[in-house]
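Here the structure is laid out as structure tokens; the discussion comes afterwards.
We did not get these values from a lab; they are worked out from the coordinates using the rules stated. Computed from a prediction, not measured in an experiment: that's the story for all the values here. Every residue, glycine as well, gets a Cβ built from its backbone with ideal geometry; the counts of neighbours run over all protein chains shown.
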Amino acid sequence: MLTVSELSKTAQITPDAIRHYVRIGLLTPSRDPDNGYKLFSDDDIKRAKFIRRAKGLGFTLSNIKVIFEHSSDERSPCPAVREMIQKRIDENRSRLAELNRLQQRMDDALGRWKSMPDGEPDGDAICHLIESVD
């Protein structure tokens, strides 16, 4: 049985994250009857390491909870995992496309601004560089 700090070192997860996982039900430690400390089993170690791996692949804590539910119900989580990661891939591609559009707008603006003179606030304009962008 491990304490929070021992599990933290073993699973390479911060103690605060472990406490959060306990609060939301991803980890279910027992309590030391003498001092009330949370004690984690080998199963908790396995789950904590799984959480770290899954988060490293972009799964959310909500996704991980669903995966745990499938597994504890003795249903293969694999179809749900494939669906979840495909959704995340699609979301990431969409976000990347938007970031690329933003980067292009920023590059275009800076290119135009390099040839523009500095302006002084005159009561009508705050920063004419930003205000020149459509």
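Just one of the listed residues (LEU27, LEU39, LEU61) is touching a helix residue (DSSP H, G or I) at 6+ places or on another chain (Cβ under 7 Å), surrounded by 14 or more Cβ atoms within 10 Å (Cβ to Cβ) and not β-branched (Val, Ile, Thr), and it is LEU27.
Residues in region 100-134 that are of a type in the set (D, E, K, R) and assigned to a loop (DSSP other than H, G, I, E, B) were compared, and the one that is surrounded by the fewest Cβ atoms within 10 Å (Cβ to Cβ) is ASP134. Of the residues GLN86, GLN104, the single one that is under 23 Å from the mean Cα position of the chain (by Cα) and not charged (D, E, K, R) is GLN86. Against the conditions (1) under 30 Å from VAL133 (Cα atoms); (2) in a helix (DSSP H, G or I); (3) hydroxyl-bearing (Ser, Thr, Tyr), SER8 satisfies every one except (1).
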